[in-house]
Structure formats: structure tokens, C-alpha cells
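Notes follow once the structure below has been shown.
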Amino acid sequence: MPLVFVALGANLTDPVTQLDNACKAIIELALCSSNSTLQVSPYYRSAPMGEVVQPDYVNAVVGFNTTLEPIELLDALQKIENEQGRVRLERWGPRTLDLDILLYDNQTIDSPRLTIPHYGMKQRSFVLVPLADIAPQLLLPCGTRLERLINAELTAELEQIVR
Ligand code: ROI
């Protein structure tokens, strides 16, 4: 069964609860495709990337097996975003919940709705660090070992949330 990794981010309306609820919803999604388990990284607080002035984010990454095709998975994740009250006021602006497919097995997908691997993942500490927490040995579709992208500078950009 395909193994997927999804990035979670939120910076409005109690972000930690948004991530908790998203994990619960994803467990249902993951469970409906047999009894696979959800791996959840630690949650991290991170300064907003981009020019828009907005609250800090809470970010995490989850990994799970799914029988859903990539587009079906995208639809299911967008449904969760919408059910958790997502409103996107501006591009690169704040959001109640963002769920991005990072990786879908070793596939590379470039379609109008979906780009996998996620286009910005290799530049984002708030994606790379939690991904490495749950999948330290990961080999990216481009052939790069994830661990080679992680360094002390990246890790220092994040503050792990003690829960
Ligand atoms: N910045 C951080 N720190 N975390 C995010 O999840 C995030 N998401 C975004 C933009 C606006 C790029 N900045 C972010 O979409």
C-alpha cells in the first residue's frame, strides 16, 4: 500500500487543536484503507515564512499508508481543511488548517491540481525537521537522502511544543 507524508500547518483559532483534530480525521481516513497506523511528528512552533505579517504557525508532519489515489487523497484532505473552517483570505496569508501532500511513495506527479513532491518542501525547516523525526532514513524521489538536508541551523528555526 502506498506510504504518504502530509504536512500540517495552522496559525489561527487554536492551532494545536486544529492539528489534533486533523490527525483524528486523518486516522479515520487512513483506517478506512485497512488498519494502518498514523505516524505523527512532534508539533513545532515556527515563524511565518513569507512577507505577510501573521501569527506564528504550528507545524507537524504525519505519515500513513493509504489505498487512495493521489487525487482522491487530495480531495479527502481538502474536505478536512474545509470541515475545520478553512478560509483563505489571501495567498501566503494565515489559515486555520493547511494540509499538503509532501510525498506519495516514490512518485513524481506534475498535474494542474497536484505537484508531488511538494514544491517547497526542501526549503522549509517546518517540513524537513518533522519529516525527519518520523522518517529519518527517507530517500526522496530526486535521490537525495532527507538526513543530508537537515542541519543545526534549520532545527534552530523551530521550537518544539511540549504537550
Ligand atoms: N510559514 C510557516 N512557518 N508554516 C507554514 O505552515 C506556512 N504555510 C504557508 C506560508 C504562508 C508559506 N508560511 C508558512 O503557507
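Filter the range 81-108 down to residues that are modelled with pLDDT under 95 and among the β-branched types (Val, Ile, Thr) and give me whichever is surrounded by the most Cβ atoms within 10 Å (Cβ to Cβ).
Thr96
Check off (1) closer than 19 Å to Phe64 by Cα; (2) among the aromatic types (Phe, Trp, Tyr); (3) touching a Gly at 6+ places or on another chain (Cβ under 7 Å) for Tyr104 and give me the number that stays unchecked.
Condition (3) is where Tyr104 drops out.
Output the residue which, of all residues in the range 1-59 that are acidic (Asp, Glu) and within 18 Å of Glu159 (Cα to Cα), is modelled with the lowest pLDDT. If you could, list the steps in order and put the result at the bottom.
Here is the first cut: in the range 1-59, the residues acidic (Asp, Glu) are 14, 20, 28, 51, 56.
Among the residues that remain, those that are also within 18 Å of Glu159 (Cα to Cα) are: 14, 20, 56.
Details: Asp14: 94, Asp20: 97, Asp56: 97.
Per the stated criteria, the residue is Asp14.
Where the second residue is in a loop (DSSP other than H, G, I, E, B) and the first is on the phi > 0 side of the Ramachandran plot and lies in the range 105-119, which pairs have Cβ atoms under 9 Å and are six or more apart or on separate chains?
Asp105/Pro2; Asp105/Pro141
With the checklist (1) aliphatic (A, V, I, L, M); (2) more than 14 Å from Val62 (Cα to Cα); (3) within 14 Å of the ligand (Cβ to nearest atom) in hand, flag the one item Ile109 doesn't pass.
(3)
For the range 99-115, name all the residues that are under 26 Å from Gly85 (Cβ atoms), among the charged types (D, E, K, R) and under 16 Å from the mean Cα position of the chain (by Cα).
Residue satisfying the conditions is Asp100 alone.
Has the range 10-17 got any residue that is touching a helix residue (DSSP H, G or I) at 6+ places or on another chain (Cβ under 6 Å) and outside any helix (DSSP H, G or I)?
The answer is yes; a qualifying residue exists.
Which residues, counting only those in the range 112-137, are out of contact with any helix residue (DSSP H, G or I) (no Cβ under 8 Å at 6 or more places or on another chain) and over 23 Å from Ile161 (Cα atoms)?
Across the range 112-137, the qualifying residues are Pro112, Thr115, Pro117, Tyr119.
How about the range 50-80: which of its residues are within 12 Å of the ligand (Cβ to nearest atom) and under 15 Å from the mean Cα position of the chain (by Cα)?
Passing the criteria: Tyr57, Val58, Asn59, Ala60, Val61.
Condition test on Glu28, is it free of Cβ contacts under 8 Å to residues at least 12 places away in the same chain and more than 22 Å from Arg163 (Cα to Cα)?
yes
The values are calculated or read from the model by the stated rules, or taken from the named source; none is laboratory data. It should be emphasised that the depicted structure is a prediction, and the values quoted were computed from it without experimental measurement. Cβ coordinates were reconstructed from backbone atoms using ideal geometry, including for glycine residues, and neighbour counts include every protein chain displayed.
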